[in-house]
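Q: Below you will find the structure I want to go over with you.
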Amino acid sequence: MPLPDGVHSPGDVYRGAQGGGHTNRTFVFDDGQCAPRQPGAEDGGRGDGARLDTAGLKMSDLDSEVLPLPPRYRFRDLLLGDQSFQNDDRVQVEFYVNENTFKERLKLFFIKNQRSSLRIRLFNFSLKLLTCLLYIVRVLLDDPALGIGWAPILWVERKVALWAIQVIVAIISFLETMLLIYLSYKGNIWEQIFRVPFILEMINTLPFIITIFWPPLRNLFIPVFLNCWLAKHALENMINDFHRAILRSQSAMFNQVLILFCTLLCLVFTGTCGIQHLERAGDNLSLLTSFYFCIVTFSTVGYGDVTPKIWPSQLLVVIMICVALVVLPLQFEELVYLWMERQKSGGNYSRHRAQTEKHVILCVSSLKIDLLMDFLNEFYAHPRLQDYYVVILCPTEMDIQVRRVLQIPLWSQRVIYLQGSALKDQDLMRAKMDNGEACFILSSRNEVDRTAADHQTILRAWAVKDFAPNCPLYVQILKPENKFHVKFAEHVVCEEECKYAMLALNCICPATSTLITLLVHTSRGQEGQDSPEQWQRMYGRCSGNEVYHVRMGDSKFFREYEGKSFTYAAFHAHKKYGVCLIGLKREDNKSILLNPGPRHILAASDTCFYINITKEENSAFIFKQEEKQKRKGFAGQGLYEGSSRLPVHSIIASMGTVAMDLQNTECRPTPSGGGGGGSKLALPTENGSGSRRPSIAPVLEVADSSTLLPCDLLSDQSEDEMTPSEDEGLSVVEYVKGYPPNSPYIGSSPTLCHLLPVKAPFCCLRLDKGCKHNSYEDAKAYGFKNKLIIVSAETAGNGLYNFIVPLRAYYRPRRELNPIVLLLDNKPDHHFLEAICCFPMVYYMEGSVDNLDSLLRCGVIYADNLVVADKESTMSAEEDYMADAKTIVNVQTMFRLFPSLSITTELTHPSNMRFMQFRAKDSYSLALSKLEKRERENGSNLAFMFRLPFAAGRVFSISMLDTLLYQSFVKDYMIPITRLLLGLDTTPGSGYLCAMKISEDDLWIRTYGRLFQKLCSSSAEIPIGIYRTQSHVFSTESQVSVSVEDCEDTRETKGPWGVRAGTGGGSTHGRHTVGSDPAEHPLLRRKSLPWARRLSRKVSRHTGKAAAEWISQQRLSLYRRSERQELSELVKNRMKHLGLPTTGYDEMNDHQNTLSYVLINPPPDTRLEPNDIVYLIRSDPLAHVASSSQSRKSSCSNKLASCNPETRDETQL
């Protein structure tokens, strides 16, 4: 609605008027306040610079805080007019964003504005193509005069209509060219005139304009075909404007290909038209013949059937060839350069592909071939991920080995490498991060400064989260103190946390590292099935077990156990289907519980986690005999009736499908009365004599409070602490249970631990130096009851804290706590000592594993386990795989010096584990090497699994756990379950991993299935695997070393370790030495004498008799001293030099002639063997604290108890 005359509102809002090549901004100044104003209708919308508004108005009732509404919104002003501004003097000023001149407006339309400029260039390109087309039409309509001379070259026949069209086009092109020259003029007219496009325009337009005024020149030949080069120039500009208009930045490759194609086309078109016209005075070639000649000539074929006849055409051919030799190589060089750069950067992942296909992004600092293959093999091992694409975003150039692998057809169609940084939005846009299904951000563990590597990972995670907040993040962090920075990610794996917790569990549960590694690797269980060795076939078959999940109500495995106890379901599912139920998750609770115990009743909505060869969805159920009886109301189901009635567990199928061969297991009704379960295993008697093997109690469907026997470690330990042994005397320190008061980093999971009632002074933590509180200077003086655990590390990082916590957790009985000695290269800081001073029997010492004196001072001869952690300073080396050289040689030396010591080594590269405990001439090790190569050729992800150090849990590489993060994309529960198994997280009600040893007295159980029933019925523990050790003779041909049997007669007499160290109650291996007096071992002496005689026969027969006898005696005495004895004397001499007692040095070699391996979830009919160590998931003791003390006292009395209780014993590690 129009305002009254002379009335202006100061509240007009600036609306950005833009048009005519300029933008106006009008500001009205009033009493120091400025309000933008749009020019009104009275000045026509024009912006004529700054002007004065004489009709100033005074606003008397202006609110100082809220501006008044514009007049068109105020009813009072519409009726009365705005009379408050009549006496105010105001100045209206208009500002222009662009210069308001006619030239600037034209420049904005023709040049600066991308869209309008694109239209102009498209019109110009069409004109040039039209001129070329008109030239072709003129040639086809031309009838050249016969004869040879210049006339056919200078004059042509041009129709009037054709001439008129060409003149119109020429005038338009001329005017456009002159206008652009005027707009782009910057003071130097000659620069514009001598440009090649301008010269070509003048050649092709001015003659036509002249023919308007001089008609005789209408048939003059004009080289209009040269407009093809102007069309090429217009096309380049048009493409550039088009890319600017759509904001496309990655177009250099497309532009260069287009330029090269247009250059070739222009060369061929120019040569064709030029030769055809010049040959009018010669053989009068047609356009097609000229085109054929140009193609044959430029392709360097040169048939010679068509040749130019006159010198002008021959000169043109020479000129065109020279131009082609100069222009085309330059174009090809630029194209090849761009192609190489594109190969380095990787190009783009198109938006169309990102919207129609699924892809994940892998962000790494530097991509190595091992990391890439581990990721690809594990990621594509899952069937539902076969259609996914992997986009790798890496800031470094592609490695040669990586490039070679990505050229393999298996990966070239599914893996895209992009060189770029995750901190640049352009590179994230290239990778289409916002459309990605997941983003894996991995740290560079080979960096010297691991903290700096973590900082880079944190920034990448932040950048990805900022750019694509809905993209799930899977982050790998090296240092635990940096973990809380990326807690927003869906899944985080901290390397040092998992590493040290796993190494700690290796000391009390042997080969935990191998167990976890096999669980987190995807395998079909086909490894080693063609091997003649029985242990390799069984080990390879059991390695295919993984953790899966299923909703109980939808499961054929567990659906029938709804309303039953967890322990009952675990036992019967293993007995019937061969699956091991390890945990569950309630529908209303996000926490996963491992073995919640018999009090937990299963519901249909529970999510069950189980270990099996394959998941239930890929299983076929085959029944040998249909069951005709309904199983209801039985306390125990599926009784063993002998070896012929044992169930058959999961059978491995080649295509990932398992056929469950289910035998018909009959149930016998329980006797009436007793309500809970009176059924026993029906074991046959011999000849009716009444002598029967001990039976095993059944597993109850519902827990009975009077018979529930979870081994409550709290009461067990309290009794142990209240009745100290005689060896401890009066120097018993009462430990308390509580949470560590000082956590070394943010984000550590609180764990209930054994603690000292009063923090130990820092001076008392030093093992090898006495202080005012005690004078002990070596491990012998402390008189430890259990053997030591020594861990060697470079620095006392925060991750080392996670080595101590699992070994001091509240569920570890106090009598089984091993002293921990930290052998550190560098002195720990005050912060770390403050965190560990509250734990009992934790000491540190400065030293290194490559120094024998340091090892002896820290009590290596009293240790049962030595853990060698990888050092940060050696993780990077100039040559690949050489980062472990120092560690391997040092461990090999310790293996020779202390053969009875169990050494667990962490390596940077898994491929280097073949050098651990290296035997150069051992034929068995060479056979294992060939087996590994064969498995790798067959595509196995676990080719290294048959290496004896790995199978025995003696070697470990943290890169093996990278698959834990990769598996989390499909199995989001793998990281929580692994952390619960390692003791990093403690969920109330969730169990923990432990182990127990099978002794000779326990073999009455016979099979793993009966052991499963015994543990479930007595202590509610779930076994998940076996660590088996077998004796094996290695055939060595070393000429220097002497076998143990041949040189035992030369050993000195040593007592058992228990006599040397006090009690030896914590030893897990029975070690006994044999006296070395030759009189006590005449047989051994007789065995060694023939061996010595064979050596003495090598003496030269040409020497004198006396010399021969002397040399023979020297050789005999020399070779009687074996390599083992020389090393023993070396160690003893160093101990004497250091003032340490030599009575504790153990010479026996327990690991030389044994091999060990892990069996995950073996079949129920697997026979138990002596010294088997069974992995158990024990229920949480704190979950049953409320039970009566009487039931708690009886909880530990029935573990593996037979009919003769006095012969049973606790065999836990």
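The values are calculated or read from the model by the stated rules, or taken from the named source; none is laboratory data. As the structure is a computational prediction, the values presented were derived from the model and not from experiment. Here Cβ is always computed from backbone atoms with ideal geometry, including for glycine, and neighbour counts include all displayed protein chains. The accessibility values were calculated without ligands, DNA or RNA, using every heavy atom of the protein model including side chains. Shrake-Rupley method; radii C 1.70, N 1.55, O 1.52, S 1.80 Å.
Q: Treat each spin label as a single point 7 Å out from the Cα along the C-beta direction, and report the Asp972 to Trp190 distance in nm.
A: Between Asp972 and Trp190, the label points sit 7.4 nm apart.
Q: From the phi angles alone, apply the Karplus equation (6.51, -1.76, 1.60; θ = phi - 60°) to region 128-134 and give each ³J(HN,Hα) in whole Hz, x where the residue is Gly or Pro.
A: Using θ = phi - 60°, the values come out as 5, 5, 5, 5, 5, 5, 5 Hz.
Q: Quote to one decimal, in nm, the extra length available between Lys737 and Ile310 on full extension: 0.36 nm per residue of separation minus the C-alpha distance between them.
A: 142.8 nm
Q: Taking R0 as 22 Å, what FRET efficiency do you get between Asp142 and Leu175 from their Cβ-Cβ distance, rounded to the nearest 0.05?
A: 0.15
Q: Looking at region 322-394, which GluC sites (Glu not before Pro) are in a loop (DSSP not H, G, I, E or B) and have at most 15 other Cβ atoms within 10 Å?
A: When the GluC sites (Glu not before Pro) of region 322-394 are filtered for loop state and at most 15 Cβ neighbours within 10 Å, Glu357 remain.
Q: Provide the per-residue ³J(HN,Hα) series for region 295-306, in order, calculated from phi with Karplus coefficients 6.51, -1.76, 1.60 and θ = phi - 60°, each as a whole number of Hz, with x at glycine and proline positions.
A: Calculated HN-Hα couplings, in order: 5, 5, 6, 5, 7, 6, 7, x, 5, x, 6, 10 Hz.
Q: Of the peptides 285-293, 311-319, how do they stack up when ordered by the mean number of other Cβ atoms within 10 Å, highest first?
A: Sorting 285-293, 311-319 by mean packing, highest first, produces 285-293, 311-319.
Q: Quick one: which of Lys499/Lys827; Lys759/Lys785; Lys499/Lys930 span more than 28 angstrom between C-alpha atoms?
A: Beyond 28 Å: Lys499/Lys930.
Q: What residues qualify as long-range amide H neighbours of Ile582, i.e. H under 5 Å apart, gap of 5 or more or another chain, H built at 1.01 Å from N?
A: Those lying under 5 Å, H to H, from Ile582 are Phe609, Tyr610, Ile611.
Q: Taking amide H positions as placed 1.01 Å from N in the peptide plane, with prolines and chain starts having none, which residues 5 or more places from Thr905, or on another chain, fall under 5 Å of its amide H?
A: Long-range HN contacts for Thr905: Val868, Val955, Phe956.
Q: Would you please give the residues with an amide H less than 5 Å from that of Thr1154, counting only those at least 5 places away or on a separate chain, with H modeled from the backbone geometry?
A: His1032
Q: Among the listed pairs Lys564/Lys1014; Lys933/Lys971; Lys368/Lys615, which are separated by more than 23 Å between their Cα atoms?
A: Lys933/Lys971; Lys368/Lys615
Q: If you stretched the chain out fully between Leu183 and Thr607, how much longer would it get, using 0.36 nm times the residue separation minus the C-alpha to C-alpha distance?
A: Result for the pair: 145.2 nm of gain on full extension.
Q: Return, ordered by residue number, the residues of region 166-204 whose backbone nitrogen is under 18 Å from a label point located 7 Å along Cα→Cβ of Thr101.
A: Answer for this model: 179-189.
Q: Sticking with this structure for a sec: Summarise the accessible area of region 257-328 (1.4 Å probe, protein heavy atoms) by the percent that is carbon and sulfur.
A: About 76 percent, which is the carbon plus sulfur part of the accessible surface.
Q: With r defined as the distance between the Cβ atoms of Ile295 and Tyr881 and R0 fixed at 45 Å, what FRET efficiency is calculated, to the nearest 0.05?
A: Between Ile295 and Tyr881 the formula returns 0.25.
Q: For a quick protection proxy, order the peptides 154-165, 420-431 by their average other-Cβ count within 10 Å, most packed first.
A: 420-431, 154-165
Q: Expressed in nm to one decimal, what extension gain is obtained for the pair Lys1132 and Asn938 from 0.36 nm per residue of sequence separation less their Cα-Cα distance?
A: Length gained between Lys1132 and Asn938: 64.9 nm.
Q: Which distance in nm do the two modelled labels at Ser999 and Gln401 give, with both placed 7 Å along the Cα-to-Cβ direction?
A: Modelled inter-label distance: 5.0 nm.
Q: Apply the Karplus curve 6.51 cos²θ - 1.76 cosθ + 1.60, θ = phi - 60°, to the phi angles in region 962-973 and return the couplings in whole Hz, x for Gly and Pro.
A: Ordered by residue, 3J(HN,Hα) equals 4, 5, 4, 6, 5, 5, 5, 5, 9, 10, 6, 9 Hz.
Q: Enter the accessible area of Ser748 (Å², nearest 10), with the probe set to 1.4 Å and all protein chains included.
A: Roughly 30 Å² of Ser748 is accessible to a 1.4 Å probe.
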